[in-house]
Amino acid sequence: MKHRNLWRKWVGVLAVILAAFLLPVFVQSPYWLHVFIMMWIYIIVTASLRFTITMGEWSFAHVPLMGMGGYASALLMMKLGLSFWTALPVAVLVTAVIAIFIYWPCLPTTGTFFFFTSFAFGEVMRLCWARFKNPFGGQGGLVLIPAPNPIHIAGFPIIEFGPLYKIPYYYTALTLMLFGLLILYLLEGSRLGRVAEAIKESNLLSQSVGIRVWRYKMVILVVGSAFAAIGGSIYAHYVTLLLPVDFYWGLGVYIIIYAVVGGTRRFSGPIVGVILFVLLRELLRPIVMYVPLVYGLILAATLTFLPEGLTSLPDRIMQWIEKRRIAKA
Amino acid sequence: MTVSYLHPILQIRDLTKRFGGLTALSEVSFDVHEGEILGVIGPNGAGKTTLFDVITGRYRPTGGRVFYKGEDITGLKPHELVQKGISRSFQLEVLFSNLSVLQHLILSRHLHTEIGFLGSFFHTPSHRERQRSTEANALELLKVVGLDGQKDKTASSLSHGYQKSLGIAVALGTEPTLLLLDEPLSALSPERVEVVLDLILTIRDKGVTVVVIEHNMGALFRICDRVVVLSVGEKIAEGLPEEIRENQKVIKAYLGGAIVV
């Protein structure tokens, strides 16, 4: 029984992935392709945020660190002339190192204090981009960020990126997103994931069984930031414009709403949350000024009726049916 | 049981801990000998738990030193002390509430599980083999503390008595040479008290030195080799259980709650 469920689960996952790969066959409108490209970017950013939440601390520096990934890879390409395919991994490494400095002063704190110190240090970094015209472009941001370099594979036509060619961006974002999700999934099932859970449950007992809580928390935060940087980097070279204001605290709030409404307990939570909200936003386009209101209502309703998020709904229904059956018997 | 009094495993010297204006421990000194069960008693607020907190690195002492096997361990972090073989249980249920009993035991083996990060990442056969042996180890330990029937329950769904035993099992999972138990008998049923007393004797017989904080003196005095008495942060007596029972100072400290032994 358990095996059959597991088998079904993986068939379902593969079907969704296949659907995502085939989507451009059916959806050719550049507008909708744009919506989906942004969806893939948000998924990797939100899933990596959730990964850091598994150890019990909520970081508000996550979105600025995503931005750091974007700035780093844009600058590596523009100032050092690296190819996008080199700039991306280097930018991820640079962001990981910067994350160490951002989280260093935050880590002695926990709970609300961690939330606010991480907000403060993330904001310091963001304001640095606004303040220093060289190299970050100041308030006006970085403009004319080059598109990713064309891909040459022997025997295939050259794949070019550009404002008129959305499909290469679509597949790049999708592939990098899936790669990121796969690594995050494996990490969660590894020893690191189990230690994260222990730290979330009890910091005190974790220390008492010999877990170096500080070090594990740092590793988890840095890994999370690295995957946010992948999202930021794709964003930068896709939109070709980076402004400090793009990564203001409001985006951080939205990302947290996506994760919470989807459910932070399950790996699928942030994915479901992002898909739902990105599509919802398209529905709300005629009344766009009410978007924050609707998001707020959905968040409040979820926290009231489904505190573990939408992905806990199937389990909830199963429990309810089971209860009914027992009551009848 | 003959105890060699020549080998102090833990030496506490002039240990002082102040929280602001409150002195929780004031120049406490005593030795813990290898292979013994040492009882630490005292009225509420005597500083017993603070003593454990300072020894195990949760708090830094304001003054004084702690030596373990002759080495100065004052101010080391909890995880460093566990590596050296000092482990503790907690008075209030400090557990991973939402994790199962088995998961607790696996986590308690943290230091004794090879790193094998890549193995756990890719779920290689050698990693699975290691996982199986860790699990077998954990199950064995659960049998020792009498929790083998509860392995899949979450900690928060266990009864108080089982939670206490789980706390001890987690401390044992780190393979300590010195085990500090903070009120392992509090709020247990009389039958359960006997089980835990037997367990403590078993642990000692396996070569682990045990220090026990306890309010239930009647039960404690039946198993411990020596007793240290704290009152308002100071050590007021130290000796064999029979001597402590007669000690006027101790009786006075407990006055109001007449000492019944």
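Indicate, rounded to the nearest 5 percent, the antiparallel portion of the DSSP beta bridges found entirely in the protein assembly as shown. Given both bridge residues lie in the protein assembly as shown, the antiparallel proportion sits at roughly 60 percent. Reported to the nearest whole Å, the Cα centre-to-centre distance from the range B:77-154 to the range A:191-241 is 22. The distance from the alpha carbon centre of the range B:1-68 to that of the range A:47-70 is 42 Å, rounded to a whole number. Every helix of 4 or more DSSP H residues in chain A counts as -39500 (n - 2.57), and over all residues that averages to -24500 deg cm²/dmol at 222 nm.
Annotation for the range B:192-261: trypsin sites (Lys or Arg not before Pro) lying in DSSP loop with at most 11 further Cβ atoms inside 10 Å of their Cβ are B:Lys206. Listed by chain and number, the lysines whose C-alpha is less than 16 Å from the C-alpha of B:Lys69, apart from same-chain residues fewer than 8 away, are B:Lys84.
Taking all Cα pairs closer than 8 Å and separated by 6 or more residues, the relative contact order of the range B:37-186 comes to 32 percent.
Assign unit charges at the C-beta atoms only (+1 for Lys and Arg, -1 for Asp and Glu), then state the dipole size of the protein assembly as shown relative to its Cα centre in Debye, rounded to the nearest 20. Let's see the in-between values first.
Details: 53 positive and 41 negative charges, 321 e Å.
It comes to approximately 1540 debye.
Relative contact order, whole percent, for chain A stands at 28, derived from Cα pairs under 8 Å and 6 or more residues apart.
Placing unit charges on the Cβ atoms only, positive for Lys and Arg and negative for Asp and Glu, gives chain A a dipole magnitude near 860 debye about its Cα centre. Here is how the number arises for chain B: DSSP H runs of 4 or more residues each give -39500 (n - 2.57), the sum is divided by the residue count, and the result at 222 nm is -11000 deg cm²/dmol. Here is the P(r) of the protein assembly as shown: all C-alpha pair distances, binned every 10 Å from 0, give 3, 14, 22, 20, 16, 13, 8, 4, 1, 0 in whole percents. Taking the Cα centre of chain B as origin and assigning +1 to Lys and Arg Cβ atoms and -1 to Asp and Glu Cβ atoms, the resulting dipole is close to 560 debye. Candidates B:Ala237, A:Gln319, A:Ser118 compared by Cα position along the dipole of the protein assembly as shown: farthest toward the positive end lies A:Gln319, with charges placed on Cβ.
Look at the dipole of the protein assembly as shown built from charges on Cβ: of B:Leu76, A:Gly263, B:Ala253, the Cα furthest out on the positive end belongs to A:Gly263.
Scaled against 2.2 N^0.38 Å for its residue count N, the alpha carbon radius of gyration of chain A is 1.04. Take the Cα of B:Glu71, go 7 Å toward its beta carbon, and the backbone nitrogen atoms of the range B:162-192 under 15 Å from that spot belong to B:176-178. Shape summary: the range B:95-174 maps onto an equivalent ellipsoid whose semi-axes, from the alpha-carbon gyration tensor, are 24, 12, 11 Å in decreasing order. Suppose R0 equals 30 Å. What FRET efficiency, 1/(1 + (r/R0)^6) with r the Cβ-Cβ distance, do B:Asp148 and A:Ala329 give to the nearest 0.05? The pair B:Asp148/A:Ala329 has a calculated efficiency of 0.45. Legend: residue pairs B:Lys17/B:Lys77; A:Lys217/B:Lys153; B:Lys17/B:Lys235; A:Lys217/B:Lys151, Cα-Cα distance threshold 25 Å; pairs beyond threshold, A:Lys217/B:Lys153; A:Lys217/B:Lys151. Give the aspartates and glutamates whose C-alpha is closer than 13 Å to that of B:Lys206, dropping any in the same chain fewer than 8 places away, or say none. Reachable aspartates and glutamates: B:Glu34, B:Glu36, B:Glu175, B:Asp198. For chain B, the relative contact order is 26 percent, taking Cα pairs closer than 8 Å that sit 6 or more residues apart in sequence and dividing their mean separation by the residue count.
Only the coordinates and a few stated rules stand behind these numbers; no lab work does. Worth saying up front: this structure is predicted, and the values here are computed from it rather than measured. Heads up, the Cβs are rebuilt from the backbone with ideal geometry, glycines too, and the neighbour counts pull from every protein chain shown.
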